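Chemist: Got a structure here, written out as structure tokens. Questions coming.
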Amino acid sequence: MVSLVAPKRWSVLPLAPPQIFETFRDYPKLLAQLLYNRGLRTPQAAEGFFKPRPEEASLRGLPGAEAGVARIARAIQQGERIAVYGDFDADGVTSAALLTQAIRGLGAQVVPYIPDRVAEGHGLNLKGLQFLRDQGIRLVITADCGVSNAQEVAAASDWGMDVVITDHHSPPANLPSAAAVINPKLPGADPAFAPLASVGVAFRLAEALYENLGKKVDRSLVEFVALGTVADVAPLTGQNRALVQEGLASLNRTKHPGLQELMRVAGLQPGHVDTEAIGFALGPRINAPGRIDHADASYLLLTARSTDEARPYAERMNAANGERQRQTKEIFQRAQSLVGEGAPQPIIVVGDPSFEPGIIGLVASRLSDQFYRPAVVYQNQGEETRASCRSIPEFDIIAALREHDGLFTRYGGHAQAAGFTLPTARLPLLRERLLASAAKLDLAQLAPHITIDAQISLERLSGETIRAIQTLAPHGDGNPQPKFLAKGLEVAEARQMGAEGQHARLRLRSGNVTWSAVAFNAPASVQPMPKKIDAVFSLTVDRFNGREMLQLNIADMRPA
């Protein structure tokens with residue numbers, strides 16, 4: 001959020017040493033600085049960054065993959081019916097769609113199953129497993145879930161079903177007794193696999209499975225990897241960078257009718273889909289049905305075989321996204337009122353029986369952003385409470401939950417995002433314990449900050465330099481879009497825009513050059529605009545009526 005009243009802390013990264021500019025003398029100096037900021041010190045490292053190659057399918061370095069491939073291959077060869085048990089978020093749905101398509105491509109019978117968020121919750125549940133057992137399923141492959149479901153996996157085993165787990169969530173100390181647990185966060189995993197989202201794990205598994213059976217996997221499935229990886233905010237480093245880069249290239253020329261329809265309702269043109277488009281347009285629409293109703297629309301769109309089949313699901317997803325936006329705004333405002341005035345406690349814990357379980361994660365994220373605190377938002381209905389957690393870099397939320405794991409019916413997640421279910425009677429005790437866990441935070445030092453790649457002069461931004469900066473894409477967690485600081489910019493024009501005037505359109509002058517700029521979520525307090533400002537920004541492309549124009553995307557600004 002842009003604010004002139006309470007700006008974030010600005011931290012400009014140090015200038016690279018002279019030998020770096022000599023090493024990268026064939027690059028513009030600003031690009032050399034950006035490479036240095038990203039930990040790249042040699043031409044070989046830079047070459048690998050700019051042209052990452054998806055590694056060959058290999059079981060080495062991915063714990064559980066060899067056993068998983070062997071069990072799935074046997075099921076295919078013996079004609080067993082296989083179930084793919086997904087999750088209802090974008091990573092889970094894309095993982096389930098990818099595995100279903102890949103295994104069907106090998107001639108197997110596959111039954112997809114995605115649980116209902118409200119009735120069944122995250123992860124494996126006994127109701128779903130019983131349903132699959134009654135359909136004659138003897139092998140269940142999970143997609144983005146299962147690593148924390150020891151009890152459910154044990155029940156499946158008692159019913160004569162094997163479970164192959166594909167997941168990327170932080171594993172507990174005691175793993176489920178599954179036929180295979182494939183997770184890049186397990187001890188012994190190759191660090192190159194560590195950033196993978198579950199859809200990336202699914203794709204690597206599919207590659208290895210096809211290799212085992214002497215066939216080649218359909219590379220267009222990597223489009224699902226790009227969607228799920230970016231929507232899940234997985235780091236775009238290591239293997240993820242290569243997979244997302246390949247997936248984006250394929251996505252921009254996709255022949256997949258479901259993805260073509262999804263782009264249509266999102267107002268996107270093939271050829272202009274990047275990580276930002278996934279993060280703000282495609283990903284939210286894939287997530288929306290699972291938040292509002294049921295994720296089946298998203299799964300059916302991803303597996304649709306014709307435009308006519310895909311169109312109604314795309315329309316459903318688009319409508320669900322609009323409703324998701326409305327509910328998020330309403331519940332966020334109510335949650336803000338529960339936090340109250342003044343500085344919040346070290347960890348925010350708020351909830352209400354009327355809060356929608358599909359929305360509480362989004363609200364927790366907004367509260368965490370606004371107050372820069374870990375945030376837990378819950379729905380306490382009857383004897384059971386469900387919660388979503390979002391955190392800040394200074395506080396590992398899944399580690400905090402793990403300290404009190406005896407309180408939960410189930411829980412799981414990552415350092416920055418998690419969720420849990422527990423008996424409502426235990427909620428006061430959990431609140432007390434989380435406050436104790438968060439007491440170690442130094443509140444006086446807690447403040448959002450922006451890491452700035454370099455201070456620059458707008459007059460010196462050449463076309464060559466801008467094109468070089470664009471080669472750093474795709475951007476995301478681990479490879480953020482470069483941010484720059486420019487000082488003493490003259491505000492030639494400023495006007496509010498957006499349905500509620502929540503954004504600002506600016507024209508900023510520096511010397512003899514003028515740039516168009518946009519500041520999203522600029523509060524009313526920026527008015528009246530100062531005559532001169534210092535601004536932190538990234539370079540983006542504004543596409544309007546078929547025209548493309550570079551503009552500054554303002555992350556934060558202050559009076560000069």
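Chemist: If you put +1 on each Lys and Arg Cβ and -1 on each Asp and Glu Cβ, how big is the dipole of the range 340-445 around its Cα centre, in Debye rounded to 20?
Modeler: Using only the charged Cβ atoms, the result is roughly 140 debye.
Chemist: Sequence-distant or interchain residues sharing an amide H contact under 5 Å with V84, placed H: which?
Modeler: Those qualifying (amide H under 5 Å, at least 5 residues apart or on another chain) are V111, Y113, I141.
Chemist: What's the longest uninterrupted piece of the chain once you rule out the chymotrypsin sites (Phe, Trp or Tyr not before Pro) that are loop residues per DSSP with at most 15 other Cβ within 10 Å?
Modeler: Longest stretch, sites excluded: 160-519.
Chemist: With both partners inside the range 464-560, how many of the DSSP beta bridges are antiparallel, as a percent to the nearest 5?
Modeler: Antiparallel bridges make up about 95 percent of those DSSP assigns within the range 464-560.
Chemist: Length gain on complete extension for the stretch Q77 to R507, per 0.36 nm per residue less the alpha carbon to alpha carbon distance?
Modeler: Full extension of this stretch gives 148.3 nm more.
Chemist: While we're looking at this one, here's another question. Considering only DSSP beta bridges where both residues belong to the chain, give the percentage that are antiparallel (nearest 5).
Modeler: Of all bridge pairs located within the chain, approximately 65 percent are antiparallel.
Chemist: Something else: Between Rg and the Kirkwood Rh of the range 451-560, both from Cα atoms, what is the Rg to Rh ratio?
Modeler: With Rg and the Kirkwood Rh in hand, the quotient comes to 0.95.
Chemist: Grab the beta carbon distance between S306 and V118, set R0 = 45 Å, and tell me the FRET efficiency rounded to 0.05.
Modeler: Efficiency at R0 = 45 Å is approximately 0.90.
Chemist: For the range 54-216, build the charge dipole from Cβ charges (+1 Lys, Arg; -1 Asp, Glu) around the Cα centre, then report which of T166, L209, L196 sits farthest towards its positive end.
Modeler: Looking along the dipole axis, the top candidate is L209.
Chemist: If you filter the range 127-220 for trypsin sites (Lys or Arg not before Pro), then keep DSSP loop positions with at most 13 other Cβ within 10 Å, what is left?
Modeler: Filter output for the range 127-220: K215, K216.
Chemist: While we're here: Which angle between 0 and 90 degrees, to the nearest 10, do you get for helix 198-212 versus the longest principal axis of the chain when only C-alpha atoms count?
Modeler: 50 degrees
Chemist: At q = 0.11, 0.12 Å⁻¹, what log₁₀ I(q)/I(0) does the range 5-113 have when each alpha carbon counts as one equal point scatterer in the Debye sum?
Modeler: So the normalised log intensities work out to -0.67, -0.71.
Chemist: I've got another one for you. With the crude spin-label approximation of a point 7 Å out along Cα→Cβ, what separation in nm comes out for A192 versus T424?
Modeler: Between A192 and T424, the simple spin-label model gives 5.2 nm.
Chemist: Quick one: order L186, L401 by neighbouring beta-carbon count within 10 Å, fewest to most.
Modeler: L186, L401
Chemist: Place a point 7 Å from Cα of A173 in the direction of its Cβ. Which residues in the range 405-420 have their backbone N less than 12 Å from it?
Modeler: Residues 405-406 qualify, since their backbone N sits under 12 Å from the label point.
Chemist: A further question follows. Pull out a ≥ b ≥ c, the square roots of the eigenvalues of the alpha-carbon gyration tensor of the range 441-511, then state rounded if a/c is under 1.5, prolate if not and a/b is larger than b/c, and oblate in the remaining case.
Modeler: Here the range 441-511 falls in the oblate category.
Chemist: Give the calculated FRET efficiency between E315 and S516 to the nearest 0.05, with a Förster radius of 30 Å applied to their Cβ-Cβ distance.
Modeler: 0.35
Chemist: Can you work out D for the range 54-216 in µm² s⁻¹ from Stokes-Einstein, where Rh is the Kirkwood radius over C-alpha pairs, the temperature is 4 °C and the viscosity is 1.567 mPa s?
Modeler: 85 µm²/s
Chemist: Averaging over all projection directions, find the projected area of the Cα convex hull of the chain and quote it in nm² with one decimal place.
Modeler: 26.2 nm²
Chemist: Kindly count the pairs of lysines across the chain whose alpha carbons are less than 29 Å apart, treating pairs on different chains or eight or more residues apart as eligible.
Modeler: Total qualifying Lys-Lys pairs in the chain comes to 27.
Chemist: Moving on. Output the peptides 460-468, 61-69 sorted from most to least packed, where packing is the average of other Cβ atoms within 10 Å over each peptide's residues.
Modeler: Packing order, densest peptide first, comes out as 61-69, 460-468.
Chemist: At q = 0.14 Å⁻¹, what base-10 log of I(q)/I(0) does the Debye formula yield for the range 340-445 when every alpha carbon is treated as an equal point scatterer in vacuo?
Modeler: Taken in order of the listed q values, log10 I(q)/I(0) reads -0.47.
Chemist: Then there's this: Stretched out fully, how many nm does the piece from T451 to K532 gain, at 0.36 nm a residue minus the Cα gap?
Modeler: Once the chain is fully extended between T451 and K532, it gains 27.0 nm.
Chemist: Compute the long axis of helix 283-292 from its Cα atoms, compare it with the longest principal axis of the Cα atoms of the chain, and write down the angle in degrees, 0 to 90, nearest 10.
Modeler: Around 50 degrees separate the two axes.
Each value in this text was obtained by applying a stated rule to the coordinates, not by laboratory testing. What you are looking at is a predicted structure, and each value in this text was computed from that prediction instead of being measured. So basically every Cβ, Gly included, is an ideal-geometry build from the backbone, and we count neighbours across all protein chains shown.
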